[in-house]
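Report on the structure given below.
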Amino acid sequence: MPGEKRTLVPVYSLMVATEPLGDAFWDRAGLEARATFTDYRHMIIYGQRTADGRIAFGGRGAPYHFGSNVRPSFDSTPAVHALLRQTLVDLFPALDESRFTHAWGGPLGIPRDWHSSVGFDPRLGLAWAGGYVGDGVATTNLAGRTLADLITGSDSDLTHLPWVNHRSRPWEPEPLRWLGVNAGLWTMKLADRTEERKGHPSRLARQMERLLGQ
Ligand SMILES: Cc1cc2nc3c(=O)[nH]c(=O)nc-3n(C[C@H](O)[C@H](O)[C@H](O)COP(=O)(O)OP(=O)(O)OC[C@H]3O[C@@H](n4cnc5c(N)ncnc54)[C@H](O)[C@@H]3O)c2cc1C
């Protein structure tokens, strides 16, 4: 939208899914209650057993595109999808022989301070919600109920939550934005490799996280 180019940065999250896996796999893998799982690497990964017995597994790592460009073709980065498949096999070596049947992705809206918000300006008659930083499945529900109360003028517990009318400062103009966001992605990849080799937390990653407002 005009005037909002620096409000959110689109950071891509990509996913893959396996074929439905047999009982032999699930008996060994656990995950009976379909718990979500991740680990503490800097380049975020996340996975879950689906209702039809697959593993859906995702992660960051796709590049940020200059000018906050968003295109359907960016939803697929073959190298990142290949890395996700390899990472899942590293976590569950028993998947080595399994087929991956799906691959997809999309952009997440990231505000400068990583703080989602909902708000309403009665003077302009404009309401907004967003900046879910990739955690929007449940947050959109809360946002919708909060917006309903704000718009109808109901004073409720929801309208006093700290994210109501919160304003994040804008992202830097280009080319600083491109340099900063992609430097963040490269640093996190490097930090994971360094930590794996040396076995202690990366100071560089901590500094970059601070710089990017995480
Ligand atoms: C790969 C990936 C993995 C994710 N994983 C998670 C996760 O594990 N947990 C989590 O909490 N969140 C996750 N998210 C984020 C989550 O999906 C979003 O935050 C959430 O879906 C946002 O909900 P929404 O209703 O605002 O938008 P959306 O779910 O995007 O819904 C918007 C809808 O509006 C439609 N639309 C758009 N424009 C128009 C138009 N002009 N006319 C009519 N219809 C239109 C779209 O087709 C779409 O159906 C993930 C996102 C991605 C991309």
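Nothing in this text is a laboratory measurement; each read-out follows from the coordinates by a stated rule. These numbers were taken from a predicted model, which means no experiment stands behind them. Because the Cβ atoms are built from the backbone with ideal geometry, glycine has one as well, and the counts that use them run over all protein chains shown.
Just the number, please: Stokes-Einstein D of the chain in µm²/s, Kirkwood Rh from C-alpha pairs, 37 °C, 0.692 mPa s.
Once the numbers are plugged in, D ends up at 169 µm²/s.
Tell me the angle of helix 176-198 to the major Cα principal axis of the chain, expressed in degrees between 0 and 90 and rounded to the nearest ten.
For helix 176-198, the angle is close to 30 degrees.
Compute the acute angle (0 to 90°) between the alpha-carbon long axis of helix 136-151 and the principal axis of greatest extent of the alpha-carbon atoms of the chain; round to the nearest 10°.
That helix lies at roughly 10 degrees to the long axis.
Determine, for Val89, Val118, the number of other Cβ atoms within 10 Å of each Cβ, and report the residues in order from fewest to most.
Lowest to highest Cβ neighbour count: Val89, Val118.
Using the Cα centre of the chain as the reference point, and only Cβ charges (+1 on K/R, -1 on D/E), how large is the resulting charge dipole? Debye, rounded to the nearest 20.
Roughly 780 debye, rounded to the nearest 20.
So if I take the centroid of the Cα atoms in the range 27-60 and the same for the range 172-214, what is the distance between those two points in Å?
Taking the Cα centre of each part, the range 27-60 and the range 172-214 sit 24 Å apart.
Helix-derived [θ] at 222 nm for the chain: sum -39500 (n - 2.57) over DSSP H runs of at least 4, divide by residue count, nearest 500?
So the helix-based figure for the chain works out to -10500 deg cm²/dmol.
Taking the chain as a Gaussian network, where each spring joins two C-alpha atoms under 10 Å apart, which residue of Ala51, Ala191, Ala17 fluctuates the most?
Among Ala51, Ala191, Ala17, the largest GNM mean-square fluctuation belongs to Ala51.
Can you give me the distance in nm between label points at Ala24 and Trp186, each placed 7 Å from the Cα along the Cα-to-Cβ direction?
4.5
Give me the number: length gained by fully extending Leu204 to Glu97, i.e. 0.36 nm times residue separation minus the C-alpha to C-alpha distance, one decimal in nm.
Contour length minus the Cα-Cα distance gives 34.8 nm.
Between the helical axis of 78-91 and the dominant principal axis of the chain, each derived from Cα atoms, what acute angle in degrees is found, rounded to the nearest 10?
60
Given the Cα-Cα distance of Leu179 and His166 and 0.36 nm per residue of separation, how much length would full extension add, in nm?
Length difference between fully extended and current span is 2.0 nm.
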